[in-house]
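For reference, the structure is listed below as structure tokens.
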Amino acid sequence: MIDTHCHLQDRVFEDDRAEVVERARDAGVRAMLTVGEDLADSRAAVEVARRYGIVAAVGIHPHEAANAPQDIAGELSPLLREDGAVALGEIGLDYYYDHSPRDVQVRVFREQLRIARDSASPAIFHQRDAFDEFTRILREEWKPAMRGVVHCFTGTPAQARVLCDEFGLFLGIGGVLTFPKAESVRDAVRDVGIGALVLETDCPYLAPVPKRGKRNEPAYVTHTAAKLAELLAVPLDEVVCATDANAFKLFGI
Ligand SMILES: [Zn+2]
């Protein structure tokens, strides 16, 4: 089992990071990808990855677009070449919170898509309330050889189809799958099937039921995996096997 999206460099793990990683390994989580949100956070992600034998992604989250460095490629490209850095992320658009102006989000997103393309790195996408703009930009920038995942997918079956069929993207499935109201996500997951899915926690956020409301951690990805097995009516080991294979295709982990 692989947690393809966590934030283990977050300061909420400062006091017990080693125990958190150990609990995950004891629970059968054999790899974790810790994801950066701005330049300093990306550096911290690479450090944590190196220290705990996990992997990292480096990138500028749409929330942080307004604070992006002048020369994004000049800052991110060397980080991407560090040991343990396997992807660019998280990048994208968030028109729900609008923490950064939309035109700035778009510019920073496009620049990072080009870094992903030029470095042949997989991309980890954050998209919220910006589906049309997000896919419009991908139509202009995406190349068939590129790989990526829309993390914390919470859209409709029709949106899932566009992401998977048109762009060959994977969907990151986390704790939301276990939430009572997330019927459309469950419909989308049934519709696209296990071949397009990877597991994630997005910890410390979005803990799955029965841990909902608590600090999330990679070990809890087991609850999402179990829910996915139940939903698709397949054995748990089939879910683990398929999502691990997808994570390998995407990230080489
Ligand atoms: Zn995240």
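Quick note: the coordinates plus some simple rules give every number you see, no bench work behind them. Computed from a predicted model, the values in this text were never measured in an experiment. Glycine also receives a Cβ, built like all others from the backbone with ideal geometry; neighbour counts cover every protein chain displayed.
Of the residues that sit in region 129-151 and are surrounded by 18 or more Cβ atoms within 10 Å (Cβ to Cβ), outside any helix (DSSP H, G or I) and of a type outside the set (A, V, I, L, M), which one is nearest to the ligand (Cβ to nearest atom)?
Initial filter on region 129-151 (surrounded by 18 or more Cβ atoms within 10 Å (Cβ to Cβ)): 130-131, 134, 138, 142, 146-151.
Cutting the leftovers down to outside any helix (DSSP H, G or I) gives us 130, 142, 146-151.
From what's left, of a type outside the set (A, V, I, L, M): 142, 147-148, 151.
Details: W142: 21, R147: 18, G148: 14, H151: 6 Å.
Result: H151.
From (1) in contact with a helix residue (DSSP H, G or I) (Cβ under 8 Å, 6 or more places away or on another chain); (2) away from the ligand (no atom under 16 Å from the Cβ); (3) β-branched (V, I, T), pick out the condition that doesn't hold for T222.
Just one mismatch for T222, condition (1).
Name every residue in region 152-193 that is within 16 Å of the ligand (Cβ to nearest atom), in contact with an Asp or Glu (Cβ under 6 Å, 6 or more places away or on another chain) and not in a strand (DSSP E or B), in order of residue number.
Within region 152-193, C152, G174 qualify.
Out of A120, A116, A73, I need the residue that is closer than 25 Å to D3 by Cβ, away from the ligand (no atom under 16 Å from the Cβ), among the hydrophobic types (A, V, I, L, M, F, W, C) and surrounded by fewer than 18 Cβ atoms within 10 Å (Cβ to Cβ). Which one?
On the way: A116 fails: surrounded by fewer than 18 Cβ atoms within 10 Å (Cβ to Cβ); A73 fails: closer than 25 Å to D3 by Cβ.
After applying the criteria, what remains is A120.
Say we look at region 1-28 and pick out the residues that are in a helix (DSSP H, G or I) and aliphatic (A, V, I, L, M); which of these is farthest from the ligand (Cβ to nearest atom)?
As a first pass, look at region 1-28 and keep what is in a helix (DSSP H, G or I): 11-13, 17-26.
Restricting the remaining residues to those that are aliphatic (A, V, I, L, M) gives 12, 18, 20-21, 24.
Numbers: V12: 13, A18: 21, V20: 16, V21: 17, A24: 16 Å.
Ranking the qualifying residues of region 1-28, first place goes to A18.
Is it the case that some residue within region 36-45 is touching a residue at least 60 places away in the same chain (Cβ under 8 Å) and either in contact with a Pro (Cβ under 8 Å, 6 or more places away or on another chain) or of a type in the set (G, A, S) (or both)?
no
Can you give me the number of residues within region 34-58 that are within 12 Å of the ligand (Cβ to nearest atom), among the small types (G, A, S) and part of a loop (DSSP other than H, G, I, E, B)?
1
Hey, H5 hits all of (1) surrounded by fewer than 17 Cβ atoms within 10 Å (Cβ to Cβ); (2) under 13 Å from A57 (Cα atoms) but one; which does it fall short on?
(1)
Within region 233-243, restricting attention to residues that are touching a Leu at 6+ places or on another chain (Cβ under 9 Å) and not in a loop (DSSP other than H, G, I, E, B), which residue is surrounded by the most Cβ atoms within 10 Å (Cβ to Cβ)?
So the residue we want is T243.
Would you check if there is a residue in region 198-214 being in a helix (DSSP H, G or I), of a type in the set (A, V, I, L, M, F, W, C) and touching a strand residue (DSSP E or B) at 6+ places or on another chain (Cβ under 8 Å)? Steps first, answer last, please.
So in region 198-214, the residues in a helix (DSSP H, G or I) come out as none.
Checking region 198-214: not a single residue is in a helix (DSSP H, G or I), of a type in the set (A, V, I, L, M, F, W, C) and touching a strand residue (DSSP E or B) at 6+ places or on another chain (Cβ under 8 Å).
Restricting attention to region 106-125, which residues are outside any loop (DSSP other than H, G, I, E, B), within 18 Å of the chain's Cα centre (by Cα) and polar (S, T, N, Q)?
Hit for region 106-125 is Q112, nothing else.
If only one of A31, A66 is more than 16 Å from the ligand (Cβ to nearest atom) and touching a residue at least 60 places away in the same chain (Cβ under 8 Å), which one is it?
Answer to the selection: A31.
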